[in-house]
């Protein structure tokens, strides 16, 4: 039996070449009025951003799933993807699925 030798740097060092993947799919579901006001109803949105490494207004790394603009430190993080869409009107009884397929 021949020995098995892992890739240089070990498994997981370069997942794109090791697994042959270059796309990732992200899905966010906005369900009606969520009780907070993070995603208000009675308004519309046209732009979706994917942001990495944002910070809370106190300077800590952001870790929650949703934030109001006032809860994030201005100009923190980096926008790595932007998508412009036709206006999506939100109402209290609607559900929006936002799906992004990003190539890296």
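Here are a few things to note about the model shown:
- Förster-model FRET efficiency, 30 Å R0, residue 50 and residue 19, C-beta, rounded to 0.05: 0.90
- Alpha carbon convex hull of the chain, volume per residue in cubic angstrom: 168
- Entry note, the chain: relative contact order of 40 percent, from Cα contacts under 8 Å with a spacing of 6+ residues.
- Modelled spin-label separation between residue 26 and residue 82, with each label point placed 7 Å from Cα along the Cα-to-Cβ direction: 1.5 nm.
Any read-out appearing in this document is the output of simple, stated calculations on the displayed coordinates, not a laboratory observation. From a predicted model like this one, the values you see are computed outputs, not experimental measurements. Backbone-built Cβ (ideal geometry, glycine too); neighbour counts: all protein chains shown.
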